[in-house]
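Below is one structure, written out as structure tokens; the observations come after it.
The values are calculated or read from the model by the stated rules, or taken from the named source; none is laboratory data. Remember, it's a predicted structure, so these values are computed and weren't measured experimentally. Every residue, glycine among them, receives a Cβ derived from its backbone with ideal geometry; neighbour counts consider all protein chains shown.
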Amino acid sequence: MDRKDGKMDGKRIWIALPALLLLPACVAKTALDVVTLPVRAGAQTVDWTTTSREEADRNYGRKMRKQEAREARERQKASEEQRRECRRAGYGNCP
């Protein structure tokens, strides 16, 4: 604790010294974070708004699979309609 003459004893100095040495590093790190924040935010925004080649390929593949599935359903419906018309016309050898 404090001595009566107002000076700190040796133990408190050794405890406070590491804290004083670490404080500038902490302040510097915080300053660095504050300075680089707009750059990182801008980079994240660009990343969110652009599409990578891999994403574009994946999206194109998904689009093509959906289109092929839709076309297959349409062919199936057309085939069923054709069989119905064949039977309705009275032909016995309808597919």
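Give the residue that is surrounded by the fewest Cβ atoms within 10 Å (Cβ to Cβ), with candidates limited to residues of region 44-74 that are assigned to a helix (DSSP H, G or I) and β-branched (Val, Ile, Thr). Working first, answer last.
Here is the first cut: in region 44-74, the ones assigned to a helix (DSSP H, G or I) are 44-49, 53-74.
Then keep just the ones that are β-branched (Val, Ile, Thr); that gives 45-46, 49.
Numbers: Thr45: 10, Val46: 9, Thr49: 7.
Within region 44-74, the match that is surrounded by the fewest Cβ atoms within 10 Å (Cβ to Cβ) is Thr49.
Using the structure shown, decide if Ala41 is modelled with pLDDT under 70, over 30 Å from Pro95 (Cα atoms) and in a helix (DSSP H, G or I). Can you show your working first?
Details: modelled with pLDDT under 70: no; over 30 Å from Pro95 (Cα atoms): yes; in a helix (DSSP H, G or I): yes.
No; evaluated as a whole, the condition is false for this residue.
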